[in-house]
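These notes are about the structure you will find just below.
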Amino acid sequence: MNYAIVCVDDEPVIVDLLSFQLKKIFNTESTFVETFTNPQDVEAGVDKIVEYGISVIFMVVDYQMPHINGAQLIRTIKAKHPAIKFFMLSGQANNTIVHQLLEEGLLEKFIAKPWSEQDLEKALDKFIDQF
């Protein structure tokens with residue numbers, strides 16, 4: 001495996017569904033999907049993936065999570081791994097913060113919950129043919 005996609009949401013059913021949909025969209029021979037339900041484990045998990053020489057293509061992050069919100073998590077990971085792209089998938093995001101992340105170039109797109117597989121595929125369109 002050369003590439004990884006990381007999904008972060010405190011609801012296991014959400015990361016399971018995202019993982020299932022992403023595996024249908026991306027080539028699973030070269031790309032794997034890593035999921036986290038505890039946002040406190042994400043930084044170390046991403047560091048470990050990168051240490052193994054695997055490129056994280058992008059991360060899909062929820063906004064409303066315990067201990068840290070998605071915006072804080074994006075800023076933390078982006079500071080250490082500036083090449084990683086981020087998408088936010090949320091039903092409870094703060095519009096001001098989302099707009100700020102977009103303006104600062106820290107967020108590629110916002111995807112509202114509930115989403116369809118077509119919504120996800122459309123948001124990720126520019127990455128699909130590359131990996």
Tally Lys/Arg at +1 and Asp/Glu at -1 over every other residue whose Cβ is under 15 Å from the Cβ of residue 94; what's the total?
-> -1
Given the stretch 10-62, what whole percent of its Cα pairs are spread farther than 12 Å?
-> 67 percent
Reach of residue 80 by Cα under 27 Å, taken over lysines that are not fewer than 8 positions away in the same chain = 23, 48, 109, 126
Cut-off under 5 Å, modelled amide H: who pairs with residue 4 long-range = 32, 55, 56, 57
Stick to Cα atoms and the Kirkwood definition of Rh, then tell me Rg/Rh for the stretch 3-125.
-> 0.92
The stretch 43-69 and the stretch 4-31 have their Cα centres apart by a whole-number Å value of 13 Å
Helices from the chain with mean Kyte-Doolittle at least 0.5 and a Cα length along the axis of 30 Å or more, per DSSP H: which?
-> none
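Quick note: the coordinates plus some simple rules give every number you see, no bench work behind them. The structure presented is a predicted model; accordingly, all values stated were derived computationally and were not measured. Reconstructed Cβ throughout: ideal geometry from the backbone, glycine too, with neighbour counts over all protein chains shown.
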